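The values are calculated or read from the model by the stated rules, or taken from the named source; none is laboratory data. Here the structure is a predicted model, which is why all the values come from computation and not from measurement. Because the Cβ atoms are built from the backbone with ideal geometry, glycine has one as well, and the counts that use them run over all protein chains shown. Just so you know, the surface numbers come from the protein's heavy atoms only, side chains and all, with ligands and any DNA or RNA stripped out. Shrake-Rupley method; radii C 1.70, N 1.55, O 1.52, S 1.80 Å.
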Amino acid sequence: MADVADATEATTCGLARVVASDVDAAVDAGVDMVHVFASTSDVQIEDSMHSTRTEVVDQSVAAVERAEAAGVEVMFSPMDATRTDPEYLAEVVEAVDDAGVDWVNVPDTCGVATPRRFGELVEFVGDHTDARVDVHTHDDFGLATANALAGVEAGADQVQVSVNGIGERAGNAAFEEVVMSAESVYGADSGVDTTAIADIAATVADRSSVPVPVNKPVVGTNAFAHESGIHAAGVIENSETFEPGVMTPEMVGAEREVVLGKHSGTHAVRQHLEDAGFEPTDEEVRAVTRKVKAHAADDRAVTETMLRAFAGEVGVRRERGEVTA
């Protein structure tokens, strides 16, 4: 933790249980913020912390006061907030608020929230603290990004995210999804250089050995790839026909690709042939398209080498007057 704090000018945060030694270790590491957390749902209080509601409140207040006295920014997280009794959640939040907490994090620790319910919870927490509100969502039902954005709509000041959504179990709100939704759908300025998103996603996938699914929003290899004849023809004419329009591959440092497969049409095949230096006639394009579809019918890839071979079989010329070998 100390190495990270020394290596960056960004705000560094140390996570700590509501235990004095944890708080001290974070402070000693030179972090700018200490994020203390305690379970507040009854099932976690009893079977994870082996504690009581009263003890959790007392320990939380003590941890916040200890970090605050050390002169660092303090965040408190009522873990499993979405499964916590509302009256008790209000009690805990008000207690740490009185102790001087700077941030209250609202975590959907087990990923059970829905956007509307989570937004209401963020508003509820905001009614019981003067601190700034932060949200932390999990993707067990594929709702992490939606819940995070619902939290912001409900007044949250900050979202906890992870590149490629990597996190416990099914993961957390994905950095790239939250940022691009904020920028493109909501029209907000996230302060992020979005053109580096594709590169950072690839780096994290490589270093973590957690591959990015091909259909992953924003950074998957299929995110800006088009095969279907109607889709491919549309984006060749105007990319906004079958892409969001408000988000382009260039915005995230990626490239658009029209791929060839069993669903490809003549527009896509013509573009690939022309990109390879050919000048096909309409009949030649139709002939090559038939070969592409037949080859890809068994889920076989259509490579550039294969396309050139098909062009040769059909007799497509690179220039009118020059026959392909």
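Rounded to the nearest 10 degrees, the angle from helix 86-98 to the longest Cα principal axis of the chain is 70 degrees. Helices in the chain, meaning DSSP H runs of at least 4 residues, each add -39500 (n - 2.57). Divided by all residues, the mean residue ellipticity at 222 nm is -12500 deg cm²/dmol.
Between 0 and 90 degrees, the angle of helix 266-275 with respect to the longest Cα principal axis of the chain falls at about 80 degrees. Backbone N atoms of region 68-99 closer than 18 Å to the 7 Å Cα→Cβ label point of Asp32 belong to residues 68, 70-76.
Spin-label model, Glu55/Asp130: points 7 Å from Cα along the beta carbon direction are separated by 3.2 nm.
Accessible surface computed residue by residue for the chain, with neighbouring protein chains in place and a 1.4 Å probe, gives 50 Å² per residue.
In a fully extended conformation the segment linking Ala10 and Asp275 would gain 91.0 nm over its present Cα-Cα distance, using 0.36 nm per residue.
For Thr145, neighbours were defined as the other residues whose beta-carbon sits under 11 Å from its Cβ, and their charges (Lys and Arg +1, Asp and Glu -1) total -3.
The distance separating the Cα centre of region 109-130 from that of region 2-45 comes to 23 Å. What a 1.4 Å probe finds exposed on the chain is 48% carbon and sulfur by accessible area, rounded to a whole percent.
With the dipole of the chain worked out from charges on the C-beta (+1 for Lys and Arg, -1 for Asp and Glu) around the Cα centre, which of Ala297, His128, Val219 lies farthest toward the positive end? Going by the Cα projections, it comes out as Ala297.
In order along region 54-65, the Karplus-derived 3J(HN,Hα) couplings, from 6.51 cos²θ - 1.76 cosθ + 1.60 at θ = phi - 60°, round to 4, 5, 5, 4, 4, 5, 5, 4, 4, 5, 5, 5 Hz, and Gly and Pro are given as x.
Relative to the dominant Cα principal axis of the chain, helix 144-153 is inclined by about 60°.
Taking a ≥ b ≥ c as the square roots of the Cα gyration tensor eigenvalues, with a/c under 1.5 meaning rounded and otherwise prolate when a/b beats b/c, else oblate, which class fits the chain? Since a/c reaches 1.5 and a/b is larger than b/c, the shape of the chain is classed as prolate.
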